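Everything on this sheet refers to the single structure shown next.
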């Protein structure tokens with residue numbers, strides 16, 4: 001049906017004109033001669049006030065119920081109470097969808113935990129209205145960033161026969177029934193759809209490297225899947241992943257690209273989502289806007305893993321997980337480094353090779369790899385980055401040490417045989433950068449349907 005978006009009505013260009021708007025009733029109040037509705041259609045956080053003259057419309061009971069969807073025809077006028085706002089004097093209202101009294105989103109504050117129990121309705125709240133619009137803006141500006149810099153957008157497969165991380169925490173893909181009767185898993189895999197074990201991809205990196213060796217600069221942007229039984233505020237089983245791969249790029253080059261991307265994202269959100277940021281600043285993180293403005297105005301810190309371990313041990317803070325050189329840093333360590341030691345985003349470089357993936361370039365010291373993680377206050381790691389190992393012998397050595405089946409990586413290994421070049425890339429978790437720019441603390445609250453251990457809706 002033909003109508004005008006509420007966000008456009010709010011700009012004030014339709015004052016004095018007859019318009020049609022649609023939306024859901026967020027609040028309502030009644031008086032002796034007049035009734036008032038606040039209508040929202042999802043295009044803006046602001047609600048549009050609908051003024052009903054009860055001398056014109058007498059049967060208004062259905063209009064007043066929260067959650068009811070309406071089509072409203074009327075004249076746009078300046079608000080009599082809010083100087084910079086407008087409202088509509090209703091002339092005709094049509095109920096599009098009746099909402100019963102047991103509508104779960106009543107006019108009160110609901111906890112995020114409660115809202116997770118009603119995922120189909122929580123998107124109608126201000127919080128998720130704002131989160132999902134910010135998510136949309138960030139997604140679009142990521143494409144803009146890479147497209148304007150001559151990157152080619154690549155669609156890597158979601159079903160794969162290899163594990164990019166070498167960790168085995170993958171969701172198996174199969175067409176076989178549960179009681180297939182095979183004696184061994186290998187026997188079952190051989191009889192399955194692909195004739196071998198297949199799983200959902202944890203990353204498009206390996207295929208992205210293949211494309212980068214022909215196109216120079218590529219990026220992927222799509223879902224990844226991790227069968228990690230991590231019940232934390234930072235982990236979901238299905239998340240969105242931004243992964244550039246750049247030929248002829250060493251670690252300092254890819255660090256610069258990563259910093260530029262993060263600043264581009266934040267600048268875009270500051271410019272395009274002022275109302276949403278005001279909301280998050282008021283309800284989720286005081287000082288959020290000032291934090292984001294400071295991030296884009298200053299250089300990110302750079303610190304080696306070894307320096308970070310020394311600083312953590314010297315801090316005097318008692319961590320839940322003690323730190324020693326060679327340990328994998330936990331969220332508490334990452335946040336302390338970013339929030340207390342550096343007080344800004346920081347690239348942590350040169351991790352021990354034993355705790356990083358097989359494909360990372362080995363440094364000359366024989367102990368570390370040319371890898372970096374970007375750590376940010378309130379979240380921890382949001383980017384995992386490295387220069388890739390371009391030396392065939394060193395790559396195979398790293399794979400053998402980890403007991404990997406080289407036959408699963410034939411294409412990847414061949415890249416080192418035929419015109420290998422220095423190249424680098426990173427992975428940015430979309431949900432984590434959304435958490436950082438909104439102040440929302442749980443990853444379950446920045447994605448439409450979170451997939452977590454023991455829960456699927």
Every residue from segment 311-328 that is part of a loop (DSSP other than H, G, I, E, B) and free of Cβ contacts under 8 Å to residues at least 24 places away in the same chain: 316, 317, 318, 319, 320, 321, 322, 323, 324
Which numbered condition residue 149 misses (of (1) touching a strand residue (DSSP E or B) at 6+ places or on another chain (Cβ under 8 Å); (2) closer than 24 Å to residue 5 by Cα; (3) in a loop (DSSP other than H, G, I, E, B)): (2)
For residue 387: the one exception among (1) surrounded by fewer than 16 Cβ atoms within 10 Å (Cβ to Cβ); (2) closer than 20 Å to residue 245 by Cα: (1)
Number of positions in segment 369-384 that are over 22 Å from residue 240 (Cα atoms) and either surrounded by fewer than 21 Cβ atoms within 10 Å (Cβ to Cβ) or at pLDDT below 95 (or both): 0
Search result, residues across segment 218-238 that are in a strand (DSSP E or B) and crowded, with 19+ Cβ neighbours inside 10 Å: 218, 219, 220, 221, 224, 225
The one condition in (1) within 21 Å of residue 354 (Cα to Cα); (2) assigned to a loop (DSSP other than H, G, I, E, B) that residue 308 fails to fulfil: (2)
In segment 22-39, residue surrounded by the most Cβ atoms within 10 Å (Cβ to Cβ) [restricted to those that are touching a helix residue (DSSP H, G or I) at 6+ places or on another chain (Cβ under 8 Å) and farther than 17 Å from residue 125 by Cα]: 35
Residues satisfying the stated conditions in segment 286-295, i.e. touching a residue at least 24 places away in the same chain (Cβ under 8 Å) and either surrounded by 15 or more Cβ atoms within 10 Å (Cβ to Cβ) or part of a loop (DSSP other than H, G, I, E, B) (or both): 288, 291, 292, 295
Segment 1-21 - residue that is outside any loop (DSSP other than H, G, I, E, B) and free of Cβ contacts under 8 Å to residues at least 60 places away in the same chain and, of those, surrounded by the most Cβ atoms within 10 Å (Cβ to Cβ): 6
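Restricting to segment 248-263, name every residue that is outside any helix (DSSP H, G or I) and either buried (at least 22 other Cβ atoms within 10 Å of the Cβ) or not assigned by TED's automatic domain parsing to the domain that holds residue 209 (or both).
Going through segment 248-263, the residues outside any helix (DSSP H, G or I) turn out to be 248-250.
Of everything in segment 248-263, just one residue is outside any helix (DSSP H, G or I) and either buried (at least 22 other Cβ atoms within 10 Å of the Cβ) or not assigned by TED's automatic domain parsing to the domain that holds residue 209 (or both), namely 249.
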Hey, residue 6 over 25 Å from residue 121 (Cβ atoms) and touching a strand residue (DSSP E or B) at 6+ places or on another chain (Cβ under 9 Å) or not: no
Every residue from segment 357-367 that is surrounded by 21 or more Cβ atoms within 10 Å (Cβ to Cβ) and either free of Cβ contacts under 8 Å to residues at least 60 places away in the same chain or over 26 Å from residue 234 (Cα atoms) (or both): 360, 361
Sole exception among (1) surrounded by fewer than 15 Cβ atoms within 10 Å (Cβ to Cβ); (2) farther than 22 Å from residue 443 by Cα; (3) not assigned by TED's automatic domain parsing to the domain that holds residue 437 for residue 147, by number: (3)
Residue ID - nearest to residue 6 (Cα to Cα), chosen from residues in segment 31-55 that are out of contact with any strand residue (DSSP E or B) (no Cβ under 7 Å at 6 or more places or on another chain) and either free of Cβ contacts under 8 Å to residues at least 60 places away in the same chain or in a helix (DSSP H, G or I) (or both): 43
Scan of segment 96-116 for residues that are surrounded by 14 or more Cβ atoms within 10 Å (Cβ to Cβ) and not in a loop (DSSP other than H, G, I, E, B), ordered by number: 112, 115
Test: residue in segment 173-196 that is within 26 Å of the chain's Cα centre (by Cα) and not in a loop (DSSP other than H, G, I, E, B): yes
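Collect the residues in segment 93-124 that are touching a strand residue (DSSP E or B) at 6+ places or on another chain (Cβ under 8 Å) and either at pLDDT below 95 or under 30 Å from residue 442 (Cβ atoms) (or both), keeping them in residue-number order. Break it down into steps so the answer makes sense when it comes.
Taking segment 93-124 and keeping what is touching a strand residue (DSSP E or B) at 6+ places or on another chain (Cβ under 8 Å), we get 93-97, 99, 107, 124.
Residues satisfying the conditions are 99, 107, 124.
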Where residue 208 falls short, out of the listed (1) at pLDDT 95 or above; (2) under 19 Å from the mean Cα position of the chain (by Cα); (3) buried (at least 20 other Cβ atoms within 10 Å of the Cβ): (2)
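The values are calculated or read from the model by the stated rules, or taken from the named source; none is laboratory data. This one's a predicted model, so the numbers in the text were calculated from it and none came from an experiment. With ideal geometry, Cβ positions are generated from the backbone for all residues, glycine too; neighbour counts draw on all protein chains shown.
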